[in-house]
Structure formats: structure tokens, C-alpha cells
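Enquirer: Sharing a structure, written as C-alpha cells. Questions coming.
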Amino acid sequence: MTDITIEKQTEIENNEFEIAKKRYRIGAFLIDFFIFWLIAMVLGFFFGEPLENEVGFHMTGLPAFGMMLFGILLWPMSEGIWGQTIGKRILDIKVVTNEFKPIGIGQAFGRFFLGFIDYIFVIGLIIASTNKQNKRIGDMVANTIVIRTKKPTHNTVYN
């Protein structure tokens, strides 16, 4: 794995890196959520009780605790260690600090817990739409930014 470090804010302005667009961020969240849901359904099938008149399972005890741990490992731990979740890796985006350095576990947990407010009340999308860096509340509080990890191929000058 390669770490991305950005020395100066001007590198974004020079198109070496770009701020992740909202559609990539939403797509990454949906991929991560689908993975979490799929694993929950498999665990529910084996360890849960089917819900009557609904699709899904009721889990208690160790299986429910396992799902909680998996959710924590899937989102904040993977962002804190690698700067990416599975969905972010698939869509080539990464979470970094405002100084474009790798984020820490604390920042990742801050983003994660504020994500509940961002996603449930759609406030994060509204706020991200009002600023140039597409930051949601979790990013503002944790002092993070989401960037593309691949160099943009548009606006390339051919000699």
C-alpha cells in the first residue's frame, strides 16, 4: 500500500490531487453499508431468529456483539489505520487530515460517531453541498478531508 502525502495546499490547486466528489463519498458509504448488511444477514441466518412478517433476523448475545465489533472494525478502525474503508478503496478515495497527513484512530472515531447525525438527518449532505471541500459535520469536527487517491486523468496536456 502506498501512503499519500500532500506537501502543500497548492497541490490540489495544481490538480495533482482532488477533493472527493460527493457522489464518490455516497457510493463508498453505500458499498460499506451493503457489506455490513450482507454479513449481518449471513450471521442472522446462522445465529439469529427470523422476524415474523418481515425480512431480517433478531440477534442477541455474542452474535449481536460480533456485529457491533464488525461495524467498528469496518468503519473507524479501517479509516484510522489505512485512511480507507472497503468502499473508499474501491472508489479510490481516502480520508486525510486538513494538513493532508494520515488520520488517527481518534479522528476516525469522531467522524464515525458524527456520521450518525450526518447520515440519519441528511444534514451532512446539505452541509457538504455548501462548502468547496465537500466536508460533512464529521469532517469539520475531526479536521479531516476526503481526497481522490488516483491522479486525475482529465485536463492532461499532451505534448
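The values are calculated or read from the model by the stated rules, or taken from the named source; none is laboratory data. Quick caveat, the model's predicted, so the values are computed rather than measured. All Cβ positions, glycine included, derive from the backbone under ideal geometry; neighbour counts span all protein chains shown.
Quick grid of which residues meet (1) buried (at least 17 other Cβ atoms within 10 Å of the Cβ); (2) at pLDDT 90 or above; (3) over 13 Å from the mean Cα position of the chain (by Cα); (4) of a type in the set (Ser, Thr, Tyr):
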residue	(1), (2), (3), (4)
Tyr119	no, no, no, yes
Val122	no, no, yes, no
Leu125	no, no, yes, no
Asn131	no, no, yes, no
Lys135	yes, yes, no, no
Asp139	yes, yes, no, no
Val146	yes, yes, no, no
Pro152	no, no, yes, no
Thr156	no, no, yes, yes
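Enquirer: Follow-up question, since we're still on this one. Identify, from the list Phe17, Phe100, the residue that is more than 11 Å from the chain's Cα centre (by Cα), in contact (Cβ under 8 Å) with a residue 40 or more places away in the chain and either at positive phi or part of a strand (DSSP E or B) (or both).
Expert: Numbers: Phe17 fails: either at positive phi or part of a strand (DSSP E or B) (or both).
Of Phe17, Phe100, the one residue that is more than 11 Å from the chain's Cα centre (by Cα), in contact (Cβ under 8 Å) with a residue 40 or more places away in the chain and either at positive phi or part of a strand (DSSP E or B) (or both) is Phe100.
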